1. Kirkwood hydrodynamic radius for region 1-114: how many Å is it when counted over pairs of different Cα atoms?
2. Mind ordering 212-219, 199-206 by average Cβ neighbours within 10 Å, highest first?
3. Sort 43, 14 from largest to smallest accessible area, using a 1.4 Å probe on the heavy atoms of the protein chains.
4. Output needed: Cys residues of the chain lacking any neighbouring Cys C-beta below 4.7 Å, sorted by number.
5. For region 394-442, with equal point scatterers placed on the C-alpha atoms only and solvent neglected, what are the log10 I(q)/I(0) values from the Debye formula at q = 0.16, 0.28 1/Å, to two decimals?
6. Taking square-rooted eigenvalues a ≥ b ≥ c of the alpha carbon gyration tensor, is region 80-161 rounded, prolate or oblate, where a/c under 1.5 means rounded and, failing that, a/b exceeding b/c means prolate?
7. At a probe size of 1.4 Å, how large is the accessible area of residue 144, to the nearest 10 Å²?
8. Given a 1.4 Å probe and the protein chains all in place, what does the accessible area of residue 440 round to, in Å² to the nearest 10?
Amino acid sequence: MAVHGRFRRIKWAILAITLGIYYFLPFVRWDRGPHAPDQAVLIDLERKRAYFFFIEIWPQEVYYLTGLLILAAMALFLMNAVAGRLWCGYLCPQTVWTDLFLAVERFTEGDRRDRIKLDGEPWTLKKVGAKLAKHTLWLMIAWWTGGAWVLYFNDAPTLVWDLATGEAAFAAYAWIAILTATTYALAGHMREQVCVYMCPWPRIQAALTDEHALNVTYRWDRGEPRGSLKQNTKREAEGLPAGDCIDCYQCFAACPTGVDIRNGMQLDCIQCGLCIDACDAIMEKVGKPTGLIGYDTDANVEARAEGRHPVYNIVRPRTVIYAALIAVIGLVMLYTLTTRAFEGINVLHDRNPIYVVQGDGTVRNGYTIRLLNMRPLNRSFVMGIENMPFGTRIEAIGVDETIGGYPVINVGPDRTREIRVLLFSTPGETMPPSTPLRFRIVDTETGDTVTARDYFKAP
């Protein structure tokens, strides 16, 4: 049933914003300089990078993803503590796409009564046209949903052209087909069944809520005893108790999951607020105050029934803890992001053999070293080693340039480079079997420095 009101307008606004971001964000450009992609949001699987505007994430920084998942969980818990299933009713992709598909259905086949009437009619040209138009639009939306998804994994304009000319990779077509089918099935046909039977969050949410959380609530202290408008008017005239609920069932008809909110909180309710709009419209028509159904707490409903004033405890230990955790985790992630180095070094000591004693008595240790350049420009690094035994000589295979006897290693923009490094040392009487070392690389232009620990092994 089509519903008009404050919460319906909020849902339309959220739908427009979220879908607008999802469909068009891949086409937003962001200049990162030469040798770097200019797509604002990109998950580059080939180069093993993730880009989000000015942020670039490398594979070894996957802990940022972990942090984002923790933040998302805490935000979900906070929303639940403040206003119940706020995520489900307004932000969940299943809700957003289902609302869009329902809007298409109303546009092509009419409102609920019109659709029921149409389904009962024999197949005519008009009926075939309406059904065909609906499913065509559904498939177009589902196809663009799958198409938009793959655009986040490659340069969007280039991939759109490749898809149109049949030159894109098979994986792109396969994922578009999969997401087209799932979107068409979930949003067009399964709809509320996904929320009721498939989604685990209602079961989790029910264990996390409390009596102070705002939920879509039927204010039974005002609505009961319910009855038709004529019956309640007669009871009021006779001095008998009569509630404001006129038993019109508009709240039930407006609910996307078929919940009668007058029976109390139920697992199927996604807290979308459409029953509030439907009820407020009826209250205005019969000349009664709106708000018979609204966002309220169980504690306040009981308080009004007992003649006490309602109290809204939005700020309470539960919400403070969730907000504090979000702030702490967010600040830690922000600090690590703003202070992270844009260069790195990884050292792997040879395992077999650990060392080699050469004919002249010197001991050789071999290392595989990988240097990381996380900036979009060529950089040169001087490699040095701290705490080397006296007389140790360093040799970088394939590197000819040196400064003061230390190799200078060039690393391309946004690249890594792996080299072999050999250390030669003449063991003295006091040389221990394992000497701790610190490998150090220094940018020749900026002086940025990073180090890594390892050992020099000897007999």
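1. Values: mean 1/r = 0.0578 Å⁻¹.
The answer is 17.3 Å.
2. On the way: 212-219: 21.9, 199-206: 14.1.
The most tightly packed comes first, giving 212-219, 199-206.
3. Values: 43 70, 14 40 Å².
So the residues, ranked largest to smallest area, are 43, 14.
4. Cys with no partner Cβ under 4.7 Å: 88, 92, 195, 199, 245, 248, 255, 269, 272, 279.
5. -0.61, -1.24
6. Numbers: a/c = 4.88, a/b = 1.29, b/c = 3.79.
Because a/c hits 1.5 or more and a/b fails to exceed b/c, region 80-161 counts as oblate.
7. 80
8. In the full protein context, residue 440 sits at about 70 Å².
The values are calculated or read from the model by the stated rules, or taken from the named source; none is laboratory data. Being a predicted model, the structure only gives us computed values, none of them experimental. Glycine also receives a Cβ, built like all others from the backbone with ideal geometry; neighbour counts cover every protein chain displayed. Heavy atoms of the whole protein, side chains included, go into the accessibility calculation; ligands, DNA and RNA do not. Shrake-Rupley method; radii C 1.70, N 1.55, O 1.52, S 1.80 Å.
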